[in-house]
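Remarks on the structure that follows.
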Amino acid sequence: MNAIRSNHREKVRDESLMKRFQEGDEQAFSELVNRYQDRLHNFLFRYTRNRQDCEDLAQETFIRVYRKRDSYKPIARFSTWMYTIALNLARSEFRKQKKMQLVSIHEDPADSDSREMVFESVEVQPDRALENKMDMERLEDALDQLTEEYRDAVVLRDIQQLSYEEIAEITETPMGTVKSRINRGRIQIQELMVK
């Protein structure tokens, strides 16, 4: 019986959980935190490269979700609304401290949803591990050189694998602009990595 309830709970949509939370069901909020804490940690780690800063921002995101629950409207996906809050916090922290490192695309071993980007090189090198490390460093350097708009778009699409629609909502940018920023960001990354 518990297995059936557990299985049923997993099928409940995020938006339904948020509605229940808005109606006073604290357990619904706990379920949302459980669903998103690892993904949110992974998302924020790309901006901070620092586990403590990442954890602080993730916690602050959930505090804002909790406090601003009544401002959520079911016309938007819960995940989009939450990532918008997280992205705004990350940007604010970057501006405030001027120390936040930019996007890292390294796999975060603490996050099961973390993905490592792999780049194939046409150059033959005897040490593949060294080659991969150099490619990752070049990619990180290239991402660091992108403008905030291009970097955000590329990270949200290629690393977080969000849809164009979700990215448009999170960044409050028209769909055509989102696609353009992703394409231009990718082109700039390729050009920077060749240098």
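Using the Cβ-Cβ distance between Val33 and Thr177 with R0 = 35 Å, the FRET efficiency computed as 1/(1 + (r/R0)^6) comes to roughly 0.65.
Of the accessible area of the stretch 40-97, computed with a 1.4 Å probe over protein heavy atoms only, carbon and sulfur atoms account for 47 percent.
The residues neighbouring Glu149, those whose beta-carbon lies less than 12 Å from its own, together hold a net charge of +1 under the Lys/Arg +1, Asp/Glu -1 convention.
In terms of the Cα gyration tensor, with a ≥ b ≥ c the square roots of its eigenvalues, is the stretch 145-184 rounded because a/c is under 1.5, prolate because a/b exceeds b/c, or oblate? Taking the square roots of the gyration eigenvalues as a ≥ b ≥ c, the stretch 145-184 is oblate. Label-to-label distance, Gln145 versus Gln161, with points set 7 angstrom from Cα along the beta-carbon direction: 2.9 nm. In the stretch 10-101, the alpha-carbon atoms span a convex hull of 89 Å³ per residue.
The values are calculated or read from the model by the stated rules, or taken from the named source; none is laboratory data. This structure is a prediction, so every number in the text was calculated from the model and none was measured. Ideal geometry is used to build each Cβ from the backbone, glycine not excepted, and the neighbour counts take in all protein chains shown. Heads up: the accessible areas ignore ligands, DNA and RNA and are worked out on the full protein's heavy atoms, side chains in. Shrake-Rupley method; radii C 1.70, N 1.55, O 1.52, S 1.80 Å.
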